[in-house]
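Everything on this sheet refers to the single structure shown next.
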Amino acid sequence: VNQTAGLQAASPALEMARLVSMIGIGTDAIRGFSLLLMATAGLSVFIGLANALQARRYDLAVMRTMGASSRTLFAQLLLEGTLLAAAGAAFGLLLGHTATSLLAANFSGAERLGLSGRTWVFEEIYVVGLALAVGLIAALFPAIQAYRTDIAATLASGR
């Protein structure tokens, strides 16, 4: 076949292995970038919750004097971080699938590649789980601070 003009023999297994090795580098880069984004999002949730704790320190102390236990405040802040992460994960998945649908609608070869925003993959549950874990970890430090807050000193400061 290689001796005939315009023809060239190819081994499908060899060509697929070569294609996967070329795509594998890009996949690893995208995976690394997504982990960096998740870490940045976790840091953002941490900073947001820490700032919210500082702004609400007086309100949390008032809640303690009204009968809320320190465990209740701890659980409330952990729940806030987890809910923020869950909302972010849901919004991110929705945005990703919408962008994929728009890309598939404007790309002529999308069907051949199986590109569709309507396809949900089971592995996406890992993204949600990782996002919830990041949110929970990010909320842990502000929750510990709320747990250890000195009520008398906070109320005496008046803010």
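The values are calculated or read from the model by the stated rules, or taken from the named source; none is laboratory data. For clarity, every value in this text was computed on a predicted model and none was experimentally measured. We place every Cβ from the backbone using ideal geometry, glycine too, and count neighbours over all the protein chains shown. Protein only, heavy atoms only, side chains kept; ligands, DNA and RNA dropped before computing areas. Shrake-Rupley method; radii C 1.70, N 1.55, O 1.52, S 1.80 Å.
Points worth noting:
- Checklist (1) within 30 Å of Ile151 (Cβ to Cβ); (2) under 16 Å from the mean Cα position of the chain (by Cα); (3) in contact (Cβ under 8 Å) with a residue 12 or more places away in the chain applied to Ala89, failing item: (1)
- Note on segment 93-115: residues that are surrounded by 15 or more Cβ atoms within 10 Å (Cβ to Cβ), of a type outside the set (A, V, I, L, M) and modelled with pLDDT under 90 amount to 2.
- Meets criteria (of a type in the set (Phe, Trp, Tyr) and surrounded by 14 or more Cβ atoms within 10 Å (Cβ to Cβ)) for Phe122: no
- Test: residue in segment 8-20 that is basic (Lys, Arg), farther than 30 Å from Pro142 by Cβ, open to solvent by 60 Å² or more (accessible area, probe 1.4 Å) and assigned to a helix (DSSP H, G or I): yes
Conditions (1) in a helix (DSSP H, G or I); (2) open to solvent by 60 Å² or more (accessible area, probe 1.4 Å); (3) in contact with a helix residue (DSSP H, G or I) (Cβ under 6 Å, 6 or more places away or on another chain), marked per residue:
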{"residue": "Asn51", "(1), (2), (3)": "yes, yes, no"}
{"residue": "Arg57", "(1), (2), (3)": "yes, no, yes"}
{"residue": "Arg64", "(1), (2), (3)": "yes, yes, yes"}
{"residue": "Gly67", "(1), (2), (3)": "no, yes, no"}
{"residue": "Phe74", "(1), (2), (3)": "yes, no, yes"}
{"residue": "Leu78", "(1), (2), (3)": "yes, no, yes"}
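- Filter pass, Ala41 being over 18 Å from Thr149 (Cα atoms) and part of a helix (DSSP H, G or I): yes
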